[in-house]
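The structure under discussion appears below in the form of structure tokens.
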Amino acid sequence: MEKIKVNLYKNSYFIYLNYSLEKIGTKIRNENIGNKVVVLSDENIYPVYGKVVKESVERIGKKVNVIIIRPGEKEKNFKTVINIIKDLVNLNINRDDLILNLGGGVISDIGGFVASIYMRGIKYVNVPTTLLAQVDASIGGKTGINMEKGKNLVGSFYQPYFVYIDFNTLLSLPYHEIKQGISEIIKYGVIKNKKIFEKVEDTDPKQIKNDYEFLIGESIKIKVSVVEKDEKEEKGLREILNFGHTLGHGIEISDVRKFSHGDAVFLGMIGESYISYKIGIGEKEIYKRIKDLGEKFKLLNSFDKIDFDKIIEFLKHDKKVKKGRLRFVLPERIGKVRIGVEVDENEVLKILKEMKNNGKN
Ligand SMILES: NC(=O)c1ccc[n+]([C@@H]2O[C@H](COP(=O)([O-])OP(=O)(O)OC[C@H]3O[C@@H](n4cnc5c(N)ncnc54)[C@H](O)[C@@H]3O)[C@@H](O)[C@H]2O)c1
Ligand SMILES: [Zn+2]
């Protein structure tokens, strides 16, 4: 068990790492928050973990209400927000009460957003149940929903009261979802901490749960240090977290049904490390080591079906290409990256096509 502090002046909070879900009630009592508690969860998660959480909070004498939504990214919209708010009104929830987000990034993004606007802001806590949410989405106070025209177009910066992580919740998570989180963990290793990367290289994918404490804890510390320096993304300091995400974003939006975020980002990391090698910033070995991890964890690591001309077109529409140049975070070595490297779009295309052809030989 470990307590990680997020220092944000009056918005500071703790992340409780490797704590048991059964004790969540005690934590709420110790923090002295929430007259009533509303658990927000989805249809996959609540049947597995809802009872434990509800009973734990009831044991400290608080009334618990439950709001359950359908699972999935497509639910992350205004309609869901309005339905949740109607439920909160019907349940007489007010600013003395607490929203408890029990679920993945979809739940913490929606629940955090609702908490930020309901009655001009009520307290919420995150209890993330996916690897991606534990290392990324539940931390940092970015909340939001999607519009038809794009992801996360509406949202707010609104920090949770605390984040409470029980690794055991990951035991029920399908492997496809686990690897979405592994992709982000690899990113943290490349940008800031080679020990994370080496641990991912050493670990047996079937036994990865034995390394959760180290991998999740160290990943969170990197995210926290970046958030602390630039809480509201005003100083450009969060850019370091974008390694793999420039290209990854293009791949993801080129076909959102085909590419999950983590898979797309993983391909992005391979492509961007190859660009780094070709323009003389990093060694080729970085590219090879990242690619090998893809093999091991069954992340997408082949560019066979990817049309880079199309990807660049998507990035242009998304205004990610400015004056014919793309902006990257590129690795100098594992654990250290260079931020804000601009490369001409034609050069990017040439390098990526070369990489794709080499991969076939
Ligand atoms: N706010 C941020 O800073 C931030 C950062 C990264 C991602 N995000 C957002 O997070 C979302 C993705 O999060 P996610 O990958 O957690 O997706 P998710 O919340 O959709 O969860 C993935 C799937 O796993 C299921 N699930 C969750 N926990 C489970 C468990 N313990 N056992 C079995 N099934 C479980 C869910 O029901 C869902 O079907 C995206 O909307 C993304 O935009 C936000
Ligand atoms: Zn990401």
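Each value in this text was obtained by applying a stated rule to the coordinates, not by laboratory testing. Because the structure is predicted, anything quoted here is derived from the model rather than measured. All Cβ positions, even for glycine, are placed from backbone atoms using ideal geometry, and neighbour counts span all protein chains on display.
Rounded to two decimals, what ratio of Rg to Rh does the chain give with C-alpha atoms and a Kirkwood Rh?
On the way: Rg = 20.6 Å, Rh = 21.0 Å.
Result: Rg/Rh = 0.98.
What residue among 286, 191, 306 shows peak mean-square fluctuation when the chain is described by a Gaussian network model with Cα springs under 10 Å?
Result: 306 has the largest fluctuation of those listed.
Take each of the peptides 43-49, 258-264, 318-324, average the number of other beta-carbon atoms within 10 Å over its residues, and list them starting from the highest. Could you put the intermediate results ahead of the total?
Values: 43-49: 17.3, 258-264: 21.4, 318-324: 12.1.
Highest-to-lowest ranking by the protection proxy: 258-264, 43-49, 318-324.
For residue 147, what charge total do you get from the other residues with a beta carbon under 13 Å from its beta carbon, if Lys and Arg give +1 and Asp and Glu give -1? Please list the in-between numbers first.
On the way: positive: 74, 76, 79, 149, 151; negative: 73, 148.
Overall, the nearby charge balance is +3.
The stretch 122-212: which trypsin sites (Lys or Arg not before Pro) are DSSP loop and have at most 13 other beta-carbon atoms within 10 angstrom? Can you show the working numbers first?
Details: sites: 123, 142, 149, 151, 179, 187, 192, 194, 195, 199, 206, 209; in loops: 149.
Filter output for the stretch 122-212: 149.
Rank by packing, highest mean first: peptides 10-20, 157-167, with packing defined as the count of other Cβ atoms within 10 Å averaged across residues.
Working: 10-20: 16.5, 157-167: 22.1.
Per-residue Cβ counts within 10 Å, averaged per peptide and sorted highest first, yield 157-167, 10-20.
Could you tell me the extents of the stretch 2-172's C-alpha atoms along the three principal axes, largest first, rounded to whole Å?
41, 36, 33
Let me know the Kirkwood hydrodynamic radius for the stretch 73-163, please, with Cα pairs as the basis and the value in Å to one decimal.
On the way: mean 1/r = 0.0776 Å⁻¹.
Answer for the stretch 73-163: a Kirkwood hydrodynamic radius of 12.9 Å.
How far is it, in nm, from the label point at residue 73 to the one at residue 206 when both lie 7 Å from their Cα along the line to the Cβ?
Once both label points are built, they end up 3.1 nm from each other.
If you average the alpha carbon positions of the stretch 306-361 and of the stretch 46-106, how far apart do those two centres end up, in angstrom?
41 Å
Where Rh denotes the Kirkwood radius from the mean inverse Cα pair distance, what is Rg over Rh for the stretch 175-360? Write down the numbers at each step before the final one.
Numbers: Rg = 15.6 Å, Rh = 16.5 Å.
Radius of gyration relative to Kirkwood radius: 0.94.
Would you mind checking the pairs 149/192; 194/284; 179/223; 51/298; 288/316 and listing those with alpha carbons more than 26 angstrom apart?
Numbers: 149/192 33 Å; 194/284 16 Å; 179/223 18 Å; 51/298 34 Å; 288/316 28 Å.
In this structure, 149/192; 51/298; 288/316 lie more than 26 Å apart at Cα.
I need the GluC sites (Glu not before Pro) found in the stretch 73-158, filtered to DSSP loop residues with at most 15 other beta carbons within 10 Å of theirs. Write down the numbers at each step before the final one.
Values: sites: 73, 75, 148; in loops: 148.
Counting only loop positions with at most 15 other Cβ atoms within 10 Å, the GluC sites (Glu not before Pro) in the stretch 73-158 are 148.
Would you look at the GNM of the chain, springs on alpha carbons closer than 10 Å, and say which of 340, 34, 112 moves the most?
Result for the chain, Cα springs under 10 Å: 340 fluctuates most.
So what is the relative contact order for the chain, in percent, with contacts set as C-alpha pairs under 8 Å and at least six apart? Don't skip to the end; give the middle numbers.
On the way: 658 pairs, mean separation 47.3, N = 361.
So the answer I get is 13 percent.
If R₀ is 22 angstrom, what is the calculated FRET efficiency for the pair residue 319 and residue 237, using the beta carbon separation as r and rounding to 0.05? Before the final figure, lay out each step's value.
Values: r = 21 Å, r/R0 = 0.95.
E(calc), rounded to 0.05, equals 0.55.
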